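Report on one structure; see the data block that follows.
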Amino acid sequence: MRTPVTGPDVSVQDMFAQSTAVLTRPSPATFERYERSGGLQSAFIYVMLAAAVSGVIAAVFSFLHSDVSFFGQLFSRLISVPVGFLMFTGAVYLIGRTLFRGTGTYPEVAYTFALFYVPISIAMTLIGIIPVLGWLVSFALSLVLIYFGFLAVQSSMNLRDQTQAAVTLVLAWIAQAVVTGLIALFFGTLFAVGRAVTGG
């Protein structure tokens, strides 16, 4: 029987322990051990926690940047982090299932990715505060995200062929970038039309 969308009840403390396990023992087998421990609801709550923590950190240190505001940083993280996560994991699921006949479920994909995405994204926000060094370390952590994503695709979509897993990951990133660009273009156009109409 497949894991339901809601999944079993799992606490944030349990998820943090599972995150520690996958980060310290990275392998498809480790992800397999936990992929059905929770469902989409648990994954979303965990990601929202990361969004809240990142938003608060970015907002508190917004005074270091002249082009951002406290509330702008806070609300942009609260929206962009979960939306981006859902878009990317959704693309992983659809591409892996459609192109390579992956047998995982979307809740398994979302939960698996949440386990490493949440702690690493929070670390990237914290380190990103540090001038110059923060950017370099954040870049290194981005590479770490890619590595764990590669392992997570193999596990959650049951794609043991490494080429298929890599292609799925790359295409999911491209799909997310395209959709994000289209959304930005749409709202940018609306904003421009609104200013033109109001004479702003």
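The values are calculated or read from the model by the stated rules, or taken from the named source; none is laboratory data. From a predicted model like this one, the values you see are computed outputs, not experimental measurements. Counting neighbours? That spans all protein chains shown, and the Cβs are built from the backbone with ideal geometry, glycine included. Just the protein is used for accessible areas: all its heavy atoms, side chains included, with ligands, DNA and RNA removed. Shrake-Rupley method; radii C 1.70, N 1.55, O 1.52, S 1.80 Å.
So the values come out like this:
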{"read-out": "Folded to 0 to 90 degrees: helix 40-60 orientation relative to the chain principal axis, Cα", "value": "30"}
{"read-out": "Calculated [θ] (222 nm, deg cm²/dmol) that DSSP helices of n ≥ 4 give over the chain, each run adding -39,500 (n - 2.57)", "value": "-27500 deg cm²/dmol"}
{"read-out": "Per residue solvent-accessible surface (Å²) - the chain, probe of 1.4 Å", "value": "55"}
{"read-out": "Mean-position separation - Cα centroids, the range 11-32 and the range 69-119, in angstrom", "value": "17"}
{"read-out": "Prolate/oblate/rounded call for the range 110-200, Cα gyration tensor, a/c under 1.5 rounded", "value": "oblate"}
{"read-out": "Apportionment of accessible area to carbon and sulfur, the chain, percent (1.4 Å)", "value": "73"}
{"read-out": "Order by protection proxy (mean Cβ within 10 Å, highest first), peptides 108-117, 33-42", "value": "108-117, 33-42"}
{"read-out": "Solution diffusion estimate, µm²/s, Stokes-Einstein, the range 4-146, Kirkwood Rh from C-alpha pairs, 25 °C, viscosity 0.890 mPa s", "value": "154"}
